[in-house]
Amino acid sequence: MVTARTAAPAGSATEPPGTPKPGLRERKKMQTRQAIRRAAYRLFEQQGYDATPIDQIAEAADVSPSTVFRYFPTKEDIVLTDEYDAVLEEGLRARPANEPMVESMRQVTVEALGRITAAERTELGQRMRLVREVPAIRGRTAENTARDAAMISAVLAERSGRPADDLEVRVVAAAVLAALQEALLRWVEAGPDADLEALVHRTMDVLARGLTL
């Protein structure tokens with residue numbers, strides 16, 4: 001998720017205490033995915049997204065091109081695919097059932113930002129710049145947003161007793177995701193000294209007070 005996926009990826013050192021550790025095979029897969037992603041981000045930063053072919057990414061990550069494609073079917077997937085979905089869903093489900101979704105998203109996001117490393121925060125900034133600047137990536141974000149909205153709708157439906165496809169449920173899910181994406185984009189636009197957590201709080205405050213100005 002390019003919007004709310006600010007939680008620490010599964011298996012990272014920044015996971016909350018008590019998180020079950022993945023097995024050796026899964027850890028190796030995560031390490032390979034991370035190596036490919038980090039190599040790609042380095043190259044994107046140096047020479048631009050469009051000028052970076054998969055072959056160069058594979059060489060920089062010390063894997064074969066076929067391995068890159070096995071983990072990421074397209075180059076856009078290197079930017080848009082991550083391990084954050086399960087962490088976000090678990091975080092939301094752990095919040096009080098009667099808590100407004102805006103407040104749940106605020107708490108889960110801010111807590112997750114407090115756990116990520118400086119390198120992960122830098123990677124998040126690179127990701128959001130690519131979303132803003134590369135049309136192919138920006139176009140693909142709609143698929144991820146729809147999936148994440150469905151997950152949030154499911155959590156809301158459980159809390160409220162409404163169907164997951166209820167219009168009001170879907171509007172709330174779409175609103176919190178769109179708001180969080182705007183906070184992330186504003187953070188990138190504002191520069192490295194911007195306070196991302198403060199932007200998240202400010203954004204969720206707008207939703208909480210009912211979209212008034």
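Yes/no matrix, rows are residues, columns are (1) loosely packed, with under 15 Cβ neighbours inside 10 Å; (2) within 17 Å of the chain's Cα centre (by Cα); (3) in contact (Cβ under 8 Å) with a residue 12 or more places away in the chain:
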site	(1), (2), (3)
Ala136	yes, no, yes
Met151	no, yes, yes
Arg159	no, no, yes
Asp165	yes, no, yes
Glu168	yes, no, no
Ala174	no, yes, yes
Leu196	no, yes, yes
Leu207	no, no, yes
Leu213	yes, no, no
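Testing Arg121 on (1) open to solvent by less than 30 Å² (accessible area, probe 1.4 Å); (2) part of a helix (DSSP H, G or I), one condition comes back false. Which one is that?
Arg121 satisfies all of (1) open to solvent by less than 30 Å² (accessible area, probe 1.4 Å); (2) part of a helix (DSSP H, G or I) except (1).
Could you please find all residues in region 49-76 being assigned to a helix (DSSP H, G or I), of a type in the set (S, T, N, Q) and either touching an Asp or Glu at 6+ places or on another chain (Cβ under 7 Å) or exposed (fewer than 14 other Cβ atoms within 10 Å of the Cβ) (or both)?
Correct list: Ser66 only.
Can you list residue pairs whose Cβ atoms sit under 8 Å apart, with the first residue in region 105-134 being farther than 19 Å from Val79 by Cα and the second being of a type in the set (Lys, Arg)? Count only pairs 6 or more apart in sequence or on different chains.
Partner pairs satisfying both residue conditions: Gln107/Arg95; Val108/Arg95.
Identify all residues within region 77-113 that are at pLDDT 90 or above, assigned to a helix (DSSP H, G or I) and open to solvent by 40 Å² or more (accessible area, probe 1.4 Å); write none if there are none.
Correct list: Arg93, Ala94, Glu103, Gln107, Glu111.
Residue under question is Thr141, and the condition is that it be open to solvent by less than 50 Å² (accessible area, probe 1.4 Å), part of a helix (DSSP H, G or I) and polar (S, T, N, Q); does it hold?
For Thr141, the condition - open to solvent by less than 50 Å² (accessible area, probe 1.4 Å), part of a helix (DSSP H, G or I) and polar (S, T, N, Q) - is met.
Please count how many residues of region 154-206 are charged (D, E, K, R) and closer than 17 Å to Arg129 by Cα.
Residues that pass the stated criteria total 5.
The values are calculated or read from the model by the stated rules, or taken from the named source; none is laboratory data. Everything numeric in this text was worked out from a predicted model, so none of it was measured. Quick reminder, even Gly has a Cβ in these numbers, built from the backbone with ideal geometry, and neighbours come from all protein chains shown. When the accessible area is computed, the model is the full protein with side chains, heavy atoms only, and any ligands, DNA or RNA have been set aside. Shrake-Rupley method; radii C 1.70, N 1.55, O 1.52, S 1.80 Å.
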